[in-house]
């Protein structure tokens, strides 16, 4: 157990309570189910009144969601996946072939005014709840968020469970609207926009996507965080291909993962050891992708050691963490000190410095970061894990772990109560990779 049995046990039991706070039930889902369907919102306070794909998959990593519910909700996601034709929306937005929704409006969450305004249906863009052809103005991407297909691949891995190889292969052949799970995932992977030589996720001013907990930003060039997710998904798709008896396809996905790993080290590594958020705009050290690249096994050898030491230095000098929560980038790399973290001049700046993705502290990557610290300084890793658990424990009844906090603001901020990914992702790391390392 990590960091200690009593602390881990408390976090595990609290994560179950947090996930239960996030559970909702749709009495029916038009076109999908005529009977009640349990689903999960990102946080227990209904700050985000919709079923968000990435947040749900992250919650599943806690081990707190029943397998049958995961299976049903995977089917719901794939049921709402776009088909083989591009869908053009208002304001120059598009839904690419085989795109996965960012979130899905469902009965069972949101008030009457919300449903009257937006209705039930799939929404492909962050920042909007409108499932119609008007899903935003482009401030959160011109194509659907890049990470949702990669998260859905990981959901399929978890749903497949620990059955024998024949059962797993049967699951991958299971059809949703006449297209198998594997085909849907493979089609989604192949349809993504990537840099042709490097294989990294690729943004241009006229063709860009938001992603994950960087969705308020506008990185340009090769993008690190989504490339880390694509690496992990490619490795999973290789395993799926082997289960289906297709070794050649498995080799192609393994080659994809190898190319991504080499390209991240070649194009996104900074002299300091950090990975930059993106290669053209936001060439700044990114906490999320650097820690993920270590934890996922993307960085190896000297590159891994340098990244871990860079993260250790930032932790020790106080430039990145508060109470186990993490900034997106270290303070020393802020684009405009006291005003903006990011070079891109994103919409986040309008919210104020230190707020949300413009300087708030987030707990979701703490497990990845602690894993990286543990490679070079076990005591620092233990200290950071304890800080997060102690902070959560002291504020559990107030809604911890939160989506993000900033104790340095006046007044201090802590927003997004009982936030599912904030409990699930640290728990996953503490009981998984870390328990094997330490």
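The values are calculated or read from the model by the stated rules, or taken from the named source; none is laboratory data. Small disclaimer: the values here were computed from a predicted structure and weren't measured. Heads up, the Cβs are rebuilt from the backbone with ideal geometry, glycines too, and the neighbour counts pull from every protein chain shown.
Take the conditions part of a loop (DSSP other than H, G, I, E, B), over 25 Å from the mean Cα position of the chain (by Cα) and farther than 23 Å from residue 209 by Cα and apply them to residue 110. Does it pass? Give the derivation first.
Working: part of a loop (DSSP other than H, G, I, E, B): yes; over 25 Å from the mean Cα position of the chain (by Cα): no; farther than 23 Å from residue 209 by Cα: yes.
Taking the combined requirement at face value, the residue does not satisfy it.
Could you tell me whether any residue of the range 187-204 is in a helix (DSSP H, G or I), under 26 Å from residue 33 (Cβ atoms) and either out of contact with any helix residue (DSSP H, G or I) (no Cβ under 9 Å at 6 or more places or on another chain) or in contact (Cβ under 8 Å) with a residue 40 or more places away in the chain (or both)? Before the answer, list the steps.
Looking only at the range 187-204, we keep the residues that are in a helix (DSSP H, G or I), and these are 187-190.
Then drop every residue that is not under 26 Å from residue 33 (Cβ atoms), which leaves 187-188.
If we keep only those that are either out of contact with any helix residue (DSSP H, G or I) (no Cβ under 9 Å at 6 or more places or on another chain) or in contact (Cβ under 8 Å) with a residue 40 or more places away in the chain (or both) too, we end up with 187-188.
For the range 187-204, residues in a helix (DSSP H, G or I), under 26 Å from residue 33 (Cβ atoms) and either out of contact with any helix residue (DSSP H, G or I) (no Cβ under 9 Å at 6 or more places or on another chain) or in contact (Cβ under 8 Å) with a residue 40 or more places away in the chain (or both): present.
Any residue in the range 266-274 that is within 19 Å of residue 369 (Cβ to Cβ) and under 14 Å from the mean Cα position of the chain (by Cα)?
Looking only at the range 266-274, we keep the residues that are within 19 Å of residue 369 (Cβ to Cβ), and these are 268-270, 272-274.
With the extra rule that they be under 14 Å from the mean Cα position of the chain (by Cα), the set shrinks to none.
So far as the range 266-274 goes, no, none of its residues is within 19 Å of residue 369 (Cβ to Cβ) and under 14 Å from the mean Cα position of the chain (by Cα).
For the range 305-326: of the residues being assigned to a loop (DSSP other than H, G, I, E, B) and in contact (Cβ under 8 Å) with a residue 60 or more places away in the chain, which is surrounded by the fewest Cβ atoms within 10 Å (Cβ to Cβ)? Break it down stepwise before answering.
To start, the set of residues in the range 305-326 that are assigned to a loop (DSSP other than H, G, I, E, B) comprises 317-320, 323-324.
In the following step, the residues that additionally are in contact (Cβ under 8 Å) with a residue 60 or more places away in the chain were identified as 323-324.
Details: 323: 21, 324: 23.
The selected residue is 323.
With (1) at pLDDT 95 or above; (2) surrounded by fewer than 23 Cβ atoms within 10 Å (Cβ to Cβ); (3) within 17 Å of the chain's Cα centre (by Cα); (4) part of a loop (DSSP other than H, G, I, E, B) as the list, and residue 127 as the residue in question, which single condition is left unmet?
(1) is the only condition that residue 127 fails.
Against the definition (in contact with a helix residue (DSSP H, G or I) (Cβ under 9 Å, 6 or more places away or on another chain), under 25 Å from residue 281 (Cα atoms), outside any helix (DSSP H, G or I) and touching a residue at least 12 places away in the same chain (Cβ under 8 Å)), how does residue 329 come out, yes or no?
Numbers: in contact with a helix residue (DSSP H, G or I) (Cβ under 9 Å, 6 or more places away or on another chain): yes; under 25 Å from residue 281 (Cα atoms): yes; outside any helix (DSSP H, G or I): yes; touching a residue at least 12 places away in the same chain (Cβ under 8 Å): yes.
It is true that residue 329 is in contact with a helix residue (DSSP H, G or I) (Cβ under 9 Å, 6 or more places away or on another chain), under 25 Å from residue 281 (Cα atoms), outside any helix (DSSP H, G or I) and touching a residue at least 12 places away in the same chain (Cβ under 8 Å).
Residue 377 versus (1) within 23 Å of the chain's Cα centre (by Cα); (2) under 27 Å from residue 228 (Cα atoms); (3) modelled with pLDDT of 95 or more: which is the lone unmet condition?
(1)
Residue 91 - would you say it is modelled with pLDDT of 95 or more, surrounded by fewer than 21 Cβ atoms within 10 Å (Cβ to Cβ) and out of contact with any helix residue (DSSP H, G or I) (no Cβ under 9 Å at 6 or more places or on another chain)?
On the way: modelled with pLDDT of 95 or more: yes; surrounded by fewer than 21 Cβ atoms within 10 Å (Cβ to Cβ): yes; out of contact with any helix residue (DSSP H, G or I) (no Cβ under 9 Å at 6 or more places or on another chain): yes.
Criteria met by residue 91.
Could you grab me the full set of residues in the range 205-223 that are in contact (Cβ under 8 Å) with a residue 40 or more places away in the chain and in a loop (DSSP other than H, G, I, E, B)? Let's see the steps before the verdict.
Kept after step one, since they are in contact (Cβ under 8 Å) with a residue 40 or more places away in the chain, are these residues of the range 205-223: 206-223.
Those that are in contact (Cβ under 8 Å) with a residue 40 or more places away in the chain and in a loop (DSSP other than H, G, I, E, B): 206, 208, 210, 211, 215, 216, 217, 218, 219.
Listed residues 302, 339; which is more than 23 Å from the chain's Cα centre (by Cα) and either surrounded by 23 or more Cβ atoms within 10 Å (Cβ to Cβ) or modelled with pLDDT under 95 (or both)?
Result: 339 is the single residue among 302, 339 that is more than 23 Å from the chain's Cα centre (by Cα) and either surrounded by 23 or more Cβ atoms within 10 Å (Cβ to Cβ) or modelled with pLDDT under 95 (or both).
Looking only at residues in the range 278-299 that are out of contact with any helix residue (DSSP H, G or I) (no Cβ under 6 Å at 6 or more places or on another chain) and more than 18 Å from residue 363 (Cα to Cα), which one is surrounded by the most Cβ atoms within 10 Å (Cβ to Cβ)?
The initial filter retains those residues of the range 278-299 that are out of contact with any helix residue (DSSP H, G or I) (no Cβ under 6 Å at 6 or more places or on another chain), namely 278, 280-283, 287, 297.
With more than 18 Å from residue 363 (Cα to Cα) added as a condition, the list becomes 278, 280-283, 297.
Working: 278: 31, 280: 16, 281: 20, 282: 26, 283: 17, 297: 14.
By that ranking, first place goes to 278.
Could you check residue 302 against (1) part of a helix (DSSP H, G or I); (2) closer than 25 Å to residue 200 by Cβ; (3) in contact with a helix residue (DSSP H, G or I) (Cβ under 7 Å, 6 or more places away or on another chain) and say which number it fails?
Single failed check for residue 302: (3).
Name the pairs whose Cβ atoms lie under 7 Å apart, with the first residue in the range 389-418 and surrounded by 21 or more Cβ atoms within 10 Å (Cβ to Cβ), the second modelled with pLDDT under 95, and 6 or more positions between them or separate chains?
389/7
Here is a list: 340, 291. Which entry is closer than 20 Å to residue 223 by Cα and without any contact (Cβ under 8 Å) to a residue 24 or more places away in the chain? Please lay out each step first, then the result.
On the way: 291 fails: without any contact (Cβ under 8 Å) to a residue 24 or more places away in the chain.
From the options 340, 291, the qualifying one is 340.
Say whether the condition of being assigned to a loop (DSSP other than H, G, I, E, B), surrounded by fewer than 23 Cβ atoms within 10 Å (Cβ to Cβ) and either in contact with a strand residue (DSSP E or B) (Cβ under 6 Å, 6 or more places away or on another chain) or modelled with pLDDT under 95 (or both) is met by at least one residue in the range 255-277. Give the derivation first.
Step one: filter the range 255-277 for residues assigned to a loop (DSSP other than H, G, I, E, B), giving 270-274, 277.
From the residues that got through so far, the ones that are surrounded by fewer than 23 Cβ atoms within 10 Å (Cβ to Cβ) too are 270-273.
Within this subset, residues satisfying the condition of being either in contact with a strand residue (DSSP E or B) (Cβ under 6 Å, 6 or more places away or on another chain) or modelled with pLDDT under 95 (or both) are 270.
Yes, the conditions are met somewhere in the range 255-277.
Restricting attention to the range 226-254, and to residues there that are outside any helix (DSSP H, G or I) and touching a residue at least 40 places away in the same chain (Cβ under 8 Å), which single residue is nearest to the chain's Cα centre (by Cα)?
So the first thing to find is which residues in the range 226-254 are outside any helix (DSSP H, G or I), and the list is 244-246.
The next check asks that each one be touching a residue at least 40 places away in the same chain (Cβ under 8 Å); those that pass are 244-245.
On the way: 244: 27, 245: 30 Å.
Only one residue fits best here, namely 244.
Out of the residues in the range 278-298 meeting the condition of being over 15 Å from residue 319 (Cα atoms) and assigned to a loop (DSSP other than H, G, I, E, B), tell me which one is nearest to the chain's Cα centre (by Cα). Break it down into steps so the answer makes sense when it comes.
Taking the range 278-298 as the starting set, the residues that turn out to be over 15 Å from residue 319 (Cα atoms) are 278-283, 289-298.
Still in the running and assigned to a loop (DSSP other than H, G, I, E, B): 279-280, 282-283, 296-298.
Values: 279: 20, 280: 22, 282: 19, 283: 21, 296: 13, 297: 17, 298: 17 Å.
The qualifying residue nearest to the chain's Cα centre (by Cα) is 296.
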